[in-house]
Each structure stands twice: as structure tokens, then as C-alpha cells.
Amino acid sequence: MAVLQRRWRKSQSIHSNLWLLVTVLCVSSRIPLSLCQGTEEGRGSGPKELLPWAKEHGAVIHNAELQKDDGEEGFSLVATADIEQGQVIMSIPAGLLFPTRVSPSSPVANMIENATIGRISAMCLYLVAEKVDPQSFWAPWIKTLPDKFHHALAYTEEDMQHFQASAFKELRTRKVTSVHREYVETIVPLLEKLPKDDAVFTREAFSYERFVWAYSVITTRAIFPGLLSEQERSEDVPLVILGPFTDSLYHGPSTVSISFDPTDQRCIMTAFQALKKGDLVSVGIGMTSNMELLANRGLMLPANRNNFVLMKFGLDMGGDMHASARQTMMLQLNLTNPQTYIVRYGELPQGLLTSLRIQSLTPVEFGAYLKAPAGPVTLDNEWRALRLLISSCNGILNMYPTTIEEDEEMLNGGSVERLRRSAILLRRQEKLIYESIKAWAHDAWSALLYAQATPAGGDNKQAA
């Protein structure tokens, strides 16, 4: 995401500013400038006109249609027939990739001229301007966009209690703070450039609420190909893909690959695997965990191998008389104190295990600390390290007021409002990971004892 949030400087004319945004969004950099000009063609009055409007402007959709998403207020793309692997599902011209067309009266290009602004924030301004402009080319598409979302910005402070000890609370706080700061420090000063006598593009039109709406549309519905594997995208695809139909792909296990035809100037979605009639057409999520998906897109996957918890390791510098010596050992082993580790289901980072071994050393064992990265320093030290790991997991689990069984009872007990249900699912998932770490520690200890009890030759039978 750091690349997607990269800052860029505009120093050209108004049209050059818009052209710069478009070329940043499209790696091919060959979208005709004529596509950036405003047009009055294709205005619709609602979602029913989206398909004919999009087809009129070059969109080609095969064996798929938009259906109301019962989880969101927007629409999802669903297969209307069986689709074979390799079949083109969607071909969208560059002119239908937002914001390659802009209303002639839009003030945004002038607002961002000679300004330092992030790519996403610039897109937010363009989207707000097109939303409030009754003559916008994009009106048929914008009318299909949801007003309600289920990502981090949708949760209130009161809602946070449902996450209990989850790190999602901190993530959500950072996200809310970041978006608000961006609006206050970056967007508000640009509003001074708005025409004073314009009844449409007023400061009120670019309110914080509308900025959050636009930000929510982009972060929950746009495709960011940089997150995808090489099999799921070609090199010369736009960095951000947003527009009619492309915004309606489900984000989960990938069923399409994305490419861009620089000659015909078209973004093409091809079946990555076979789809059955009624299947959601979906784009991949890369290495994104459920916590990140919920924060950014408002969804979670039932089985996501990228899920993780954060475990913070730190020596007791005030209470352990040998803490300085331990820290020196860690520095010799290129370990940092304190350090936060990403821990996934049934796995333990080697750095965390090594740090636990160092923390569990007795003074008599100090001389053998170099053994810690490769394996147990001593049998007793390994027992203390694994016991410390289990104790840490139990301590974290005790910070959650409910157990896994109680969470499952809530989920199976009837209708649970979506935001709260997501919170329960996320905290349950985290507890399962902590339990899996404890199980890993028990298994590691059992394997070590078995290895200690087995003779070098592998025969543990007693002599007759």
C-alpha cells in the first residue's frame, strides 16, 4: 500500500495535471487525452441503465450480470452461465476507467494544480465532484455505488467493545485518524481554490462526509493489481482499476486474471479458472489477512491462510537484573528488543522462539546462547521457553472476555448484525491462532522428549 499512497507533484497546466493522474493510474501511459475531456453522452437515471450505457461506450460483458449484493448496498458481478477457464468475461475500454473522463465544469484539476496530494485523495476529489455534478458522464455508474459500508470507518467507538482484545481496534483508530488528518491538512486548503460563485461545487459539496464516502468507494471497490500474483495480472495493468463492472468483482479467491491491451486501450478480465452459473466473479486478495480485509474492504473470508496475530516480545529491562546481558546477546544474533512478530496459525517465527530462549537462559547457560537460533540451548531452557510461550498465549486469551465456545454460540444463536458478527468472527479467529500456538508448543516439546529418549540408531527397544 505504500506504493499506492505515494506522493506525486503536479507542476503542469490544468489538463496536464489530469493527464498526470491518468498516466499514473495506467502504466501503459497511452490513454488518449481526448478521453479526459468532458462529455454529455450516456447520462442515465439509475442502475437499470448501467449496462446499456456501459455497452454504448464500449464495455463488453460475457456470461455475467450485476446482481444486488445482499451484504452491501452495491452490486456484485455474477456468472449467468458456466464459464470455461481462459474465457474473456469482461473487456472495459480505458474511457470507462475512472477518472479518465471528467466533467468540463469540474474544479478538481485546478484545485490540485501545483499541489502535493496522494493518488487516492486526488481520486476522492474527482469522485466527489462527479457525484455532485448533475451533468456528470459518470452518473449511471455513480448511482449504483453504495452509501453504506462495513469497513473500519463504519465502526463507532461503541462498536469497538465487540472486538475485545483484537489489534483491529488499534488499526481502526489509526485509519480514522489518518483519513481525518488527510482531509484537514490536504483537502481543506485546496477548497480555497473553489470558485466563489459556483452553486454546485461548493465547500459543502466537498464535505468530510463526502470525502469519507469517496474514500470508502475506492478502498472497498477498486482493484489494486499490485497486490495480485503474476498469474493474476500482467505487467502493464493500471495501478488502480475503478469503474462500472470492474468495481463489482468480489474480493476473495481469484477467478479472473487482469490484463491491459495497450493497442485497443482495454482492460480485460479473463477466467482464471472455470466458473459455474451463479458463481461470483472475483479478483484475488494477495497476502491480505482477514483483519486487513475487514479494515479496508469490509469483508472476511471463511478460510484465509493469511490470517495472523501480533505478538510483542520485550525483555523486562526494569525487573530482570540480567536484561542488559540478554539484550547484548540478542544484538549479537541480530534480534531486536522490543519486537512485534506476525504469527500465523500453527507457526512460530524463528526470531520469536530464539528470543524466548534468550529470555529463559539462566546465568549458567549464558555461555551457550549462540545455540539459540539453531535449536534448544538445553532441555531445561527449551522447557522454560515453551512454557513462557504458552503462558503468554494464555495471558492474551484471558484479555478476551469470551471464549471460543461462547463466540460460536453467539454466531449460531440467531441473527447477528453484520458489523458485530464480523467482530465476533475476527476475535474468534485470533483466539484460534493463539490456541494453535499453544498446541505447536506442546507438540514441539513432545517431539523433543521423544528425540531425547530415542537412541542415535533409532532403535528404542530395550535389550533382551
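The values are calculated or read from the model by the stated rules, or taken from the named source; none is laboratory data. Remember, it's a predicted structure, so these values are computed and weren't measured experimentally. Cβ atoms come from the backbone with ideal geometry, glycine included; neighbour counts cover every protein chain shown. These area figures cover heavy atoms from the full protein model, side chains too; ligands, DNA and RNA do not enter into them. Shrake-Rupley method; radii C 1.70, N 1.55, O 1.52, S 1.80 Å.
Between the range 110-131 and the range 147-213, what is the separation of their alpha carbon centroids in Å?
Between the Cα centres of the range 110-131 and the range 147-213 lies a distance of 15 Å.
Could you tell me which of L449, N337, M90 has its Cα farthest along the dipole of the chain towards the positive end, charges placed at Cβ (Lys, Arg +1; Asp, Glu -1), taken about the Cα centre?
N337
Could you compute how fast the range 199-251 diffuses translationally, taking Rh as the Kirkwood radius over C-alpha pairs and applying Stokes-Einstein at 37 °C with viscosity 0.692 mPa s? Give it in µm² per second.
Roughly 252 µm²/s, to the nearest whole number.
For K48, give me every one of the lysines with a C-alpha distance below 24 angstrom, ignoring sequence neighbours fewer than eight places off in its own chain.
Excluding near neighbours in sequence, the set is K68, K131, K143, K148, K277.
Need one number: convex hull volume per residue for the range 219-318, Cα atoms only, in Å³.
147
Sorted by accessible area (1.4 Å probe), largest first, how do V60, V179 line up?
From most exposed to least exposed: V60, V179.
What figure in square angstrom, to the nearest 10, would you give for the accessible area of D380 with a 1.4 Å probe?
Using a 1.4 Å probe on the heavy atoms, I get roughly 100 Å².
In µm²/s, what is D for the range 306-349 at 4 °C and 1.567 mPa s, where D = kT/(6 pi eta Rh) by Stokes-Einstein and Rh is the Kirkwood radius from Cα pairs?
Diffusion coefficient, whole number: 110 µm²/s.
At 1.4 Å probe size, what's the solvent-accessible area of D147? Round to the nearest 10 Å².
110
Taking the Cα centre of the chain as the origin, how large is its charge dipole in debye, to the nearest 20, when only Lys and Arg (+1) and Asp and Glu (-1) carry charge on their Cβ atoms?
780
Just flag the GluC sites (Glu not before Pro) in the range 197-285 sitting in loop per DSSP whose Cβ has no more than 10 other Cβ atoms within 10 Å.
Sparse-neighbourhood loop GluC sites (Glu not before Pro): E204, E235.
Spelling out what I want: for every residue of the range 253-260, take phi, set θ = phi - 60°, compute 6.51 cos²θ - 1.76 cosθ + 1.60 (Karplus), and round to whole Hz; glycine and proline get x.
For the range 253-260, the Karplus curve yields x, 5, 10, 9, 10, 10, 9, 10 Hz.
Would you rank S91, S391 by solvent-accessible area, highest first, keeping every protein chain in place and using a 1.4 Å probe?
Most to least solvent-accessible, the answer reads S391, S91.
Give the range of the longest stretch in the chain that excludes all trypsin sites (Lys or Arg not before Pro) found in loop regions by DSSP and having at most 13 other beta-carbon atoms within 10 Å.
306-460
For the range 292-372, place one equal point scatterer on every Cα, skip the solvent, and apply the Debye formula. What is log10 of I(q)/I(0) at q = 0.12, 0.23, 0.27 Å⁻¹?
Results for the range 292-372 at q = 0.12, 0.23, 0.27 Å⁻¹ read -0.46, -1.06, -1.34.
Order W383, W213, W445, W138 by their accessible area, 1.4 angstrom probe, all chains in place, largest first.
Sorted by accessible area, descending: W383, W445, W213, W138.
Only loop residues by DSSP count here, and only those with at most 15 other Cβ atoms within 10 Å; note down the chymotrypsin sites (Phe, Trp or Tyr not before Pro) in the range 223-302 that meet that.
none
Between Rg and the Kirkwood Rh of the range 149-258, both from Cα atoms, what is the Rg to Rh ratio?
1.05
Which value, in debye to the nearest 20, describes the size of the charge dipole of the range 268-395 about its Cα centre when Lys and Arg Cβ atoms bear +1, Asp and Glu Cβ atoms bear -1, and nothing else is charged?
400
For the chain, just list the percent of Cα-Cα distances falling in each 20 Å bin from zero outward, please.
Bins of 20 Å from zero give 21, 44, 27, 7, 1, 0 percent of pairs.
Suppose every K and R has +1 on its Cβ and every D and E has -1 on its Cβ; what is the size of the dipole of the range 150-192 about the Cα centre, in Debye to the nearest 20?
The calculated dipole for the range 150-192 is roughly 180 debye.
Are there GluC sites (Glu not before Pro) in the range 128-193 that DSSP marks as loop and that have at most 13 other Cβ atoms within 10 Å, and which are they?
Passing sites in the range 128-193 are E157.
Checking understanding here: applying a Kyte-Doolittle mean of at least -1.0 and a length along the axis of at least 15 Å (C-alpha), which whole DSSP H helices in the chain pass?
Qualifying helices, which must be both long enough and hydrophobic enough, are 14-25, 119-132, 208-221, 379-397, 418-453.
Just to verify a number: what accessible area does V188 come out at with the full protein assembly present, 1.4 Å probe, Å² rounded to tens?
Near enough 40 Å² of accessible area.
With n ≥ 4 as the cut-off for DSSP H runs, can you work out [θ] at 222 nm for the chain, using -39500 (n - 2.57) per run divided by the number of residues, rounded to the nearest 500?
Rounded to the nearest 500, the figure is -11000 deg cm²/dmol.
When a/c is below 1.5 the answer is rounded, else prolate if a/b is larger than b/c, else oblate, so apply that to the range 116-188 with a ≥ b ≥ c taken from the square roots of the Cα gyration tensor eigenvalues.
Because a/c hits 1.5 or more and a/b fails to exceed b/c, the range 116-188 counts as oblate.
Along the positive direction of the dipole of the chain (beta-carbon charges: Lys, Arg +1; Asp, Glu -1; about the Cα centre), which of W213, N63, P140 reaches farthest?
Positive-most Cα among the choices belongs to W213.
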